[in-house]
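Chemist: Structure incoming, see below.
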Amino acid sequence: MAANKQLLVLPGDGIGPEVMAQVLRVVDWFDKRRAVRFDLKEGLVGGASLDKHGTPISDETMADALAADAVLFGSVGGPKWDANPFDKKPERGILRLRKEMDLFANLRPATVFDALVDASTLKSDVVKGTDLLVLREGTGGVYFGEPRGVETRADGSKKAVDTQVYTTPEIERIVRLGFELAKKRRNKVHSVEKANVMHTGVLWREVANRIHKAEFADVQLEHMYADNCAMQLVRNPRQFDVIVTDNLFGDILSDCAAMLTGSLGMLPSASLGARNKTTGKRHALYEPIHGSAPDIAGKGIANPLAQMLSFAMLLRYSFDLGDDADLIENAVKEVLASGMRTPDIMAPGSAKVGTTTMGDAVLRTLDKLGA
Ligand code: NAD
């Protein structure tokens, strides 16, 4: 029998625990009804950890994250801790997890559900059927490159420097992952950079071509400049399957892609680390892209679907359980098609429900689809 999957659950602050409570019902459903079995451990992160341990993530919880097969993360932050010094900010918890788990790859899917097509600010005939994944390199590039900083010049004026740096191995691993992901989707990769004006872009393109030719010739590869990609995302998003790009362009393009869907409460994400050469495992963390939403925390109205879809990504990418992930995604689609909506995605003629009722509906639909 396959070993139980070790999950670390970190609900965090604000609506994090509220939406996570619904996801834990889904985890339990899979544990009881499907082939996969989980061992769950829960921990504190963000403000919740600051209040109890005086640090946004304790060494013990950090060790649990490194030992787990996957981490399911909620969200952190809130006004209570806004005035804290930088090292006592709740967000330091997620930054430490990303750093110590070496989560170099950030996966941000943007899927436009048919039932929510009108939530987009773009025309429905442009966004309908959009199903793309932005794969962003997350530990290199201009946010980390040296030299960086601000200096005062002899004449009293200042000079600020950020440096865009990429090495061959850094590009290889993210581009390779892009091809691997495309093979599980629609087999198409857009590699995005600015090879027309940046040396890092030239190297990026060179490496993408080499990896493609040597290892993934069966995947369709297209190169695109980042500025054109921004334009194409709003012009014709359906042309994209996997977009692989660097840290800076990925930061911008993933937000742009997210807004094609128009609904923050629906968007999951994954962050993956390098594969361990001996065990074959990779560190992985799954979280919705929304924050802790202090304005609605405690009201029982948060949309739990982004957190549920994050769990679906966990099944797909950490455990290769594509059918189980499909089951959650199809249940979500069906619940939306039935007209049930939390307030954030409310539309005229739909039924407004709270967090728990939405959870009930997903579980009922899982019962039906998974029977
Ligand atoms: P936010 O994503 O928390 O909220 C933005 C708006 O979207 C709010 O009006 C909120 O009510 C709504 N919203 C978000 N998620 C929702 C959901 N699931 N259901 C219904 N409505 C939802 O962003 P913010 O207000 O800028 O930040 C609030 C706090 O969250 C801050 O402390 C910020 O630092 C933190 N934050 C944390 C993360 C993270 O944990 N990774 C990410 C972003 C922001």
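Chemist: If the chain between A217 and D155 were fully stretched, how many nm would it gain, using 0.36 nm times the residue separation less the Cα-Cα distance?
Modeler: Extra length available between A217 and D155 comes to 16.8 nm.
Chemist: Could you check the simple spin-label distance between A63 and D360, using points 7 Å along Cα→Cβ, in nm with one decimal?
Modeler: Modelled inter-label distance: 4.3 nm.
Chemist: For the chain, modelled as a Gaussian network with Cα springs under 10 Å, which listed residue fluctuates most, G280, G140, G47?
Modeler: Among G280, G140, G47, the largest mean-square fluctuation in the Gaussian network model of the chain belongs to G280.
Chemist: Right, something else. Could you tell me what % of all Cα pairs in region 121-261 have separations over 27 Å?
Modeler: 26
Chemist: To continue, here is another question. Please express the shape of region 42-172 as an equivalent ellipsoid: the semi-axes are the square roots of 5 times the eigenvalues of the C-alpha gyration tensor, given largest first in whole angstrom.
Modeler: 30, 27, 19
Chemist: So who's got an amide H within less than 5 Å of the one on A110, skipping anything under 5 residues away but keeping other chains? H placed 1.01 Å off N, in plane.
Modeler: Those qualifying (amide H under 5 Å, at least 5 residues apart or on another chain) are L132, L133, V134.
Chemist: Sticking with this one: Could you tell me the relative contact order of the chain? Use alpha-carbon pairs under 8 Å, at least six residues apart, and round to a whole percent.
Modeler: With pairs under 8 Å counted, the relative contact order is 20 percent.
Chemist: Using a Gaussian network model on the chain with a 10 Å cutoff between Cα atoms, which of R92, R235, R205 fluctuates the most?
Modeler: Greatest mean-square fluctuation among the candidates belongs to R235.
Chemist: Sticking with this structure for a sec: Along region 329-345, what does the Karplus equation 6.51 cos²θ - 1.76 cosθ + 1.60 (θ = phi - 60°) give for ³J(HN,Hα), rounded to whole Hz, x for Gly and Pro?
Modeler: Rounded to whole hertz, the list is 5, 5, 5, 4, 4, 5, 4, 5, 5, 6, x, 7, 9, 6, x, 5, 10.
Chemist: Between S350 and M231, take the C-beta separation as r, use R0 = 25 Å, and let me know the FRET efficiency to the nearest 0.05.
Modeler: According to the calculation, E is roughly 0.15.
Chemist: While we're looking at this one, here's another question. Could you please tell me the mean projected area of the C-alpha convex hull for the chain, averaged over all directions and given in square nanometres to one decimal?
Modeler: About 20.9 nm², averaged over all directions.
Chemist: Using modelled amide H (1.01 Å from N, peptide plane; none on Pro or chain starts), what sits under 5 Å from the amide H of L221, excluding residues fewer than 5 places away?
Modeler: For L221, the qualifying residues are V189.
Chemist: Return the calculated 222 nm mean residue ellipticity for the chain, to the nearest 500 deg cm²/dmol, obtained by summing -39500 (n - 2.57) across DSSP H runs with n ≥ 4 and dividing by the residue count.
Modeler: -13000 deg cm²/dmol
Chemist: Let me check I've understood the local charge: for F179, count other residues with C-beta under 15 angstrom from its C-beta, Lys and Arg +1, Asp and Glu -1. What total comes out?
Modeler: +4
Chemist: Label point 7 Å out from T168 along Cα-to-Cβ: which residues of region 196-225 have amide N under 19 Å?
Modeler: Counting only backbone N, you get 199-216.
Chemist: In whole angstrom, and with the biggest value first, how far do the Cα coordinates of region 168-235 range along each principal axis?
Modeler: Largest first, region 168-235 extends 29, 27, 16 Å along its Cα principal axes.
Chemist: Return one quarter of the surface area of the convex hull spanned by the alpha-carbon atoms of region 185-338, equal to its mean projected area, in nm².
Modeler: Projected over every direction and averaged, the Cα hull of region 185-338 covers 11.8 nm².
Chemist: Given the pairs K299/K333; K299/K352; K188/K281, which span a C-alpha to C-alpha distance of over 20 angstrom in this model?
Modeler: Flagged as over cut-off: K299/K333; K188/K281.
Chemist: Further, regarding this structure: Amide H neighbours of F240 under 5 Å, at least 5 residues apart or on other chains, H built in the peptide plane: list them.
Modeler: Amide H to amide H, under 5 Å and 5 or more residues apart or across chains, F240 pairs with nothing.
Chemist: Testing the spin-label approximation: label points 7 Å from Cα along Cα→Cβ at K184 and Q239. State their distance in nm.
Modeler: So the label points at K184 and Q239 sit 2.7 nm apart.
We did not get these values from a lab; they are worked out from the coordinates using the rules stated. Every value quoted in this text rests on a predicted model; they were computed, and no experiment measured them. Neighbour counts run over all protein chains shown; Cβ positions are idealised from the backbone, glycine included.
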